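Reading through the structure tokens given below for one structure.
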Amino acid sequence: MNPSPTKRRHEIEGLRTVAAVLVMVYHVWVGRVSGGVDVFFVVTGFFITLLMLRQIEAGRITPIQYFSRLLRRLMPGAAAVLVFVGFITLIFAPTALQRRSFEEIIASALSVENLYLAFNAVDYLNAEDPSTPAQHFWAMSIQSQFYVLWLLVGL
């Protein structure tokens with residue numbers, strides 16, 4: 001039995017648009033406006049909680065279904081980006097940066113990029129420390145960890 005289709009939430013789409021604009025403004029004019037990523041985290045929390053509540057009400061929450069749905073939705077795009085980043089890193093990155101880049105690609109694939117950056121005391125905004133192409137996956141790692149945590153809470 002398939003659940004009824006979910007109606008589009010225009011107010012949430014509007015929040016996502018505002019968040020995207022805030023992220024762009026932040027990166028164009030570093031430090032001028034922030035909060036876009038925070039809004040994305042709140043929207044993610046809203047959607048995952050809504051999904052979990054629906055699955056609990058239907059008595060259909062199983063870890064395998066939960067993770068397979070998550071992986072089918074998020075991993076194809078993430079995997080494509082990480083493979084592309086790895087390829088470009090091999091071709092263009094200085095040798096000194098390649099090892100760290102590949103470590104971050106692996107950490108990103110395992111959804112622990114935020115922990116890798118914290119453990120290695122990498123400052124996202126430090127102009128002296130060259131960023132790697134996978135560094136932006138820190139936010140996706142936090143979202144993935146939230147999905148796992150929320151599954152444990154929902155069980």
Two-site FRET efficiency, Q65 against R9, from Cβ-Cβ distance with R₀ of 22 Å, rounded to 0.05: 0.45
Protection proxy ranking of 136-142, 69-75 - average other beta-carbon atoms within 10 Å, highest first: 136-142, 69-75
Sum of -39500 (n - 2.57) over DSSP H runs of 4+, divided by residues of the chain (222 nm, nearest 500): -24000 deg cm²/dmol
log₁₀ of I(q)/I(0) at q = 0.16, 0.18 Å⁻¹ - the range 25-155, Debye sum with one point per alpha carbon: -0.91, -1.08
Scattering profile of the range 9-61 at q = 0.23 Å⁻¹ [log10 I(q)/I(0), Debye over alpha-carbon scatterers]: -0.80
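Every read-out reported here was derived from the displayed coordinates using simple, explicitly stated rules and does not represent laboratory data. Predicted model, so just to flag it, every value in this text is computed and none were measured. As a convention, Cβ positions derive from the backbone with ideal geometry for all residues, glycine included, and neighbour counts pool all protein chains shown.
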